[in-house]
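Here the structure comes first, spelled out in structure tokens, and everything after it is commentary.
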Amino acid sequence: MWTLIQIELYKIFRRPRTYIAFVAIAALISIIQFGLKLDGKSYADFLMKDIGGSMEIDGNIINGYLICYIMLQLLLVHVPLLVALISADMISGEANMGTLRLLLSKPYSRTELLLAKFFASTVYTIMLLVWLAILALFVSMWIFGVGDMFLMKSSYVVLISQNDVFWRYAGAFLFATLAMITVSALGFFLSIFAENSIGPIVATMSIIVFFTILSTLNIPIFNALKPYLFTTHLISWKEFFDLKVNDSNEAIMGSIQNPQRIINSALVLIVHILAFLGASIWIFNKKDVLS
Amino acid sequence: MKKLLISLFVFHFSLFTHAQDMTTLIAKVKAKLDLVTDYEAVGHMKTDVSFIKAPLGKVKVYFKKPNKFRLKKEGGISLLPKGGVSVNMSSIIATNEFVALAAGESVIGGTNTRIVKLLPTNENSEIVLTTLYIDEANLLVRKAITTTKENGTYEMEMNYGNFSKYGLPDKVIFSFNTKNYKLPKGITLEFDDSEKSLSDAQKLKNKKGRVEITYSNYIVNKGIADAIFVK
């Protein structure tokens, strides 16, 4: 099994397409960091326009922690496309190149082959998020420094103490990894139905866009559906950055406003991963690869 | 007619005398505050504002005559009511451009106080009216309500301890009215369910803003560089 995973990883990282995602993330993050380094004050002033009328804010708001949060908000919407580029190609790519039958002639079961491919695409997804974390968090911390994290929600602001931030990012990135593995599992599932990569990649993105729109629409008829859509739970990493307050409205350090929501979302995503993977194995084991 | 004129004169004179008395009291309080040319204080700040979730923070406060004031929070970011905390006692009575009127007596935290209303004589003054509750025996301002032109009305309550001889409080409770805060979701990129945001907002709503600073130590008259006050 380990040999199979190694072979699949070799195949993934041998293709130039794999590195598009890493280059795209690096380019996007660099351009945002460059812009904020040059004109971060204007951006901060724009953000503070509303609150600045009644409150005086002293200190470095545009620090590494806030910049990482801004980038995660922007990028985690687009990273699914980069994940789908590889995961949706895992089976369909083999079919397209005509190597699927050859692959299945090896002395391994179809389940083993499929699991090896899924684990390999999961490793790619994890590496992509580690790359994102290095550039968005650590490089931003290095360029902009660290400090308290000042977050503006739509109806309130949250101030998180400097020494209470890092573990939240660790949690947020772990959660984001789970979310992206769900996307990877969806792309992987769709790839068993096609004989070229474009179809499953576009289908994965279309499903994500469609469900995301349903998740964000505030139409009562769709509200009952929302908890079951995996796209509703992809953004639950943000919950790590909301604090509980006590009776005197003092934020409690080390707390999370709604930890149950994170647990529920993680469970929903895990169920989706298992469902997509299970369905992939079940369908692929029945698939006629001779025609 | 003659009686009426005499009555009016006596009434006016009595008011004048009272105002003079209060000016003397204010002058005594000012003389006490004048003992301090600068100070640096360490304390803890608690922010209780309807739309802010902030933890208890360690702060350093700097003051230098006549009205330089800076509050720095450990870790970097502090949120304070606009123009508010800088309105400290020394700043309020830094000038003599006011009329001090007696407005009765009151008990603040178990201490008898004289109520004095300060009306600025300078039309360009940012402060419209200040009401001081003065502990006459110790020459300490226990409470101050300040109405400003731009930043609304602020209330300060002060508790004194070790540094009362300088007129410096151990604890300041600063109350003010907050405006509603709302940012479009497009800016915050908050596309989660609105029910959650609403319940959070409701929980935080309808409260008067309050900032509480508890000082643990003062360093008085040791000199502070002007650079500290540059933001």
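Summary table
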| item | result |
| --- | --- |
| Cα centroid of region A:182-252 to Cα centroid of region A:32-110, whole Å | 14 |
| Amide proton proximity set for B:THR148, modelled H, under 5 Å, gap of 5+ | B:VAL128, B:THR153, B:TYR154 |
| Sequence of B:THR121, A:THR212 once ranked by neighbouring C-beta atoms within 10 Å, starting from the fewest | B:THR121, A:THR212 |
| Distance histogram in 10 Å bins (all Cα pairs of region A:169-291, percent per bin) | 12, 33, 30, 16, 6, 2, 0 |
| Backbone HN-Hα couplings from phi across region A:33-47 [Karplus 6.51/-1.76/1.60, Hz, Gly and Pro as x] | 4, 4, x, 6, 5, 6, 9, x, 5, 4, 5, 5, 4, 5, 5 |
| Proxy reagent accessibility, fewest Cβ within 10 Å first, across A:ILE263, B:ILE145 | A:ILE263, B:ILE145 |
| Dipole of the protein assembly as shown, positive end: most advanced residue of A:LEU75, A:ALA136, A:TYR108 [Cβ charges, Cα centre] | A:ALA136 |
| Under 5 Å, built H, 5+ apart or other chain: amide partners of B:LYS143 | B:TYR133, B:MET158 |
| For A:ILE256, residues with placed amide H under 5 Å, excluding near neighbours | A:LYS244 |
| Region A:17-60: proportion of alpha-carbon pairs further apart than 14 angstrom, % | 62 |
| Ratio Rg/Rh, restricted to chain A and using Cα atoms, in which Rh is the Kirkwood radius | 1.03 |
| Between helix A:110-133 and chain A: long-axis angle, C-alpha atoms, 0 to 90°, nearest 10 | 20 |
| Angle between chain A longest axis and helix A:166-191 axis [Cα atoms, degrees, rounded to 10] | 30 |
| Whole-angstrom Cα spans of the protein assembly as shown along principal axes, big to small | 123, 51, 36 |
| Subset of A:LYS37/B:LYS82; A:LYS41/B:LYS32; A:LYS153/B:LYS117 violating a 31 Å alpha-carbon distance limit | A:LYS41/B:LYS32; A:LYS153/B:LYS117 |
| Folded to 0 to 90 degrees: helix A:198-216 orientation relative to chain A principal axis, Cα | 40 |
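Values in this text are rule-based calculations from the coordinates and carry no lab data. Just so it is clear, the structure is predicted and the values come from calculations on it, not from any experiment. Ideal geometry is used to build each Cβ from the backbone, glycine not excepted, and the neighbour counts take in all protein chains shown.
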